[in-house]
Amino acid sequence: MTPLLPVLMVATIGVAPGPAAPGAPGVDEQYLPADKSGLVTSRTRESPVWATVQREGGLGEIFYPTIGGPSARALAFTVTGRHGVETARVRTEQLGGLRFRQVFDGAGWRLTADYVTDPARSTVLVDLAFDAPRTHRLYAVYDPALGNSRGGDAGRTVDGALVATDGGVSSALAGTFAATSSGFAGVSDGRTDLRDGRMDWRYASAGAGNLVQTAALRDRRTTLALGFGGTEAAALDTARRSLRAGFGPVARSYADGWNAHLKGLTAPPRVADRRLWQTSALILAALEDKTHPGAYVAAPASPWAFGTDDPSGPYHLVWSRDLYQIATGLIAAGDRAGANRALDYLFRVQQRPDGSFPQNSQVDGTPVWGGLQLDEVALPIVLAYQLGRADAWPGVKRAADFLAGYPGAPFTPQERWENQSGYSPNTIATAIAGLVCAADLARSRGDAASADRYLATADAWRDRVKTWTVTTTGPYSAKPYFLRLTKDGDPDAGTTYDIGDGGPTGVDQRRVVDPSFLDLVRLGILPPSDPDVVNTLAVVDAQLGVATPRGFFWHRASFDGFGEQLDGSQWEYDEPPGSLVSRGRAWPLLSGERGEYEIAAGDRRAAATRLAAMAAAAGPGGMLPEQVWDRTPPAGRPGFAPGTPTFSATPLAWTHAQYLRLARNLAEGRILERPAAVADRYLTAG
């Protein structure tokens, strides 16, 4: 506590004199595009700060004190010359591990920015090298969103540093500055001021609002520190301690932490891209909250309309289904400890007394959305079985009892794409697997009655899954094929429903297909040679397949509207049903699922092409996206090549987990996450 007193004194007596900024509260701007090119965080719990690297340059959302919500919208850099603001080409370089560097090349100048976080404290450090004529100036523009709220930040200059606060969260941007200013976005901020190439405003403070802070950098080679804390004084002390430690030593400590983590994992299989394998393993590890072990979020991004959410939206939440996918990726990478923490988290947030799981939750376990998805109840059971966690039996029993006793099951209020209810072959597959795995655990605990009940239910559902979900009268094939789902359990009926997410209305359920039925094979419920499975593959390829120069990909379902609009603008919540203005593009993770099917079918060569396609879908920095452009990119706009990432959530944890899983399965020649109890019951036994 000794160093804290001088900092408190500085914060009191060192406030820069000058006018307060006009124009409160300023313009509210949504979070930045979701196609990140890097993620920076240390391996230590002492540094609960995460920073995303923006594809277009600079840092995007910076998370503190949890990965569950940003405390900054952006930290960007502006270069001015004789004729105003300079433009530049930006490239992101992955330096190994989770080290990223950006190079900005302008007309006659270059800026290099290296990003790390301090393993010893909550600071983002940026090492800057600016090679430019004397007429050029470099500025840092910082946009806080403290406490996961873009409004309500107040800021000022304290002893040459820029401090900001909102409630119980504060930040401090420190370095060697020639001038500083705090203003309101779009009115009195640095971005507005610098349009003419000069920093004319020197506002000493700005009241609560949409704060933007600007610093003119004095030196051509310098380090910035953005520190966070519970108070201005604590944040400023944190930033200055990191500056005193020095970028070089901090960067070495940062790299050492991640290198040690990699050494504890299994070696990348020869079939995988070594760098992408390691990046995927590190991304999964980085998306775990440091205060709440096992809470892995879906992505460090807010795509499309979710970027307007305040507080931030659903990708910063924990989802039972995504957490299962992440955990299986961790197992594939050799991080069983991380997978076990994920399972522990799941059973901590399990709902009592019924035994279900939240649709999603904050990292502290607080439920957010109120939907119920039966696959999210079943998959934690499967994970417990895969990890051999007999100690999880109390939670497993509650979940299995819920599944077996849920009225109308296996009809689910929502299936895995979350916008439909019905009889889903994917959900039914997970429910069957969950009950069989629960029965195995029940027998190991001496609970034969529960085991018999679970198996009887699973067998009944397996016997009827095709009756509920395979059509013989659909328009896509004269042979039977699986549907995405049925609303009424009658796949030969022309029952209609609205697709949702801006898709069409009144669609015959026999016209809606989805690759997700393949979990029936992956989980050991049907053999890969099942004729209805094989025929559905041909239907799905014809209806949802996308051939690109980077590989073959699939849409997630027929008529999907969850993606950018036709002109490239973002998907919106309020697109009216049947508007048809947006299009869901292709999902690389589905290539991984197809590859796993091909492994089960004995076609390792085909599976290897799926792994290569996933690798080719990576964006800058090795980040794997939720979606890639298909054959309907925005018309008349360059830079949207089929097979390259859209503005969807990037990196997406599920995609990285699927890459790890497919690579490991391909190397082993079998589906490692297939529960033996399920395969023994339905495949080995005939």
Filter result (buried (at least 20 other Cβ atoms within 10 Å of the Cβ), in contact with a helix residue (DSSP H, G or I) (Cβ under 9 Å, 6 or more places away or on another chain) and assigned to a strand (DSSP E or B)) within region 62-89: 63, 70, 76, 78, 80
Could you tell me which of the residues 612, 617 is buried (at least 21 other Cβ atoms within 10 Å of the Cβ), hydrophobic (A, V, I, L, M, F, W, C) and under 25 Å from the mean Cα position of the chain (by Cα)? 617
Quick check: is even one residue across region 558-574 under 26 Å from residue 617 (Cβ atoms), in the same structural domain as residue 307 (by TED's automatic domain parsing), part of a strand (DSSP E or B) and at pLDDT 95 or above? no
Under 8 Å between Cβ atoms, which residue pairs at least 6 apart in sequence (or on different chains) link something in region 531-551 that is exposed (fewer than 14 other Cβ atoms within 10 Å of the Cβ) with a partner that is among the aliphatic types (A, V, I, L, M) and not in a helix (DSSP H, G or I)? 549/641
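For (1) touching a residue at least 40 places away in the same chain (Cβ under 8 Å); (2) of a type in the set (Lys, Arg), each residue gets a yes or a no:
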{"position": "443", "(1), (2)": "no, yes"}
{"position": "446", "(1), (2)": "no, no"}
{"position": "452", "(1), (2)": "no, no"}
{"position": "456", "(1), (2)": "no, no"}
{"position": "492", "(1), (2)": "no, no"}
{"position": "497", "(1), (2)": "yes, no"}
{"position": "503", "(1), (2)": "yes, no"}
If you take the residues of region 383-418 that are free of Cβ contacts under 8 Å to residues at least 12 places away in the same chain and of a type in the set (Gly, Ala, Ser), which of them is farthest from residue 346 (Cα to Cα)? 408
Looking only at region 158-183, which residues are in a strand (DSSP E or B) and surrounded by fewer than 24 Cβ atoms within 10 Å (Cβ to Cβ)? 166, 169, 177, 178, 179
Within region 635-686, restricting attention to residues that are among the charged types (D, E, K, R) and within 26 Å of the chain's Cα centre (by Cα), which residue is surrounded by the most Cβ atoms within 10 Å (Cβ to Cβ)? 661
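With the structure loaded, tell me whether residue 493 is in the same structural domain as residue 420 (by TED's automatic domain parsing) and closer than 30 Å to residue 673 by Cβ or whether it fails that test.
Criteria not met by residue 493.
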Picking from 244, 240, 252, 198, the residue that is farther than 16 Å from residue 117 by Cα and charged (D, E, K, R) would be 198
Surrounded by fewer than 17 Cβ atoms within 10 Å (Cβ to Cβ) and in contact with a strand residue (DSSP E or B) (Cβ under 7 Å, 6 or more places away or on another chain): is that true of residue 112 in this structure? yes
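The values are calculated or read from the model by the stated rules, or taken from the named source; none is laboratory data. Everything quoted here is computed from the prediction, not taken from an experiment. Ideal geometry is used to build each Cβ from the backbone, glycine not excepted, and the neighbour counts take in all protein chains shown.
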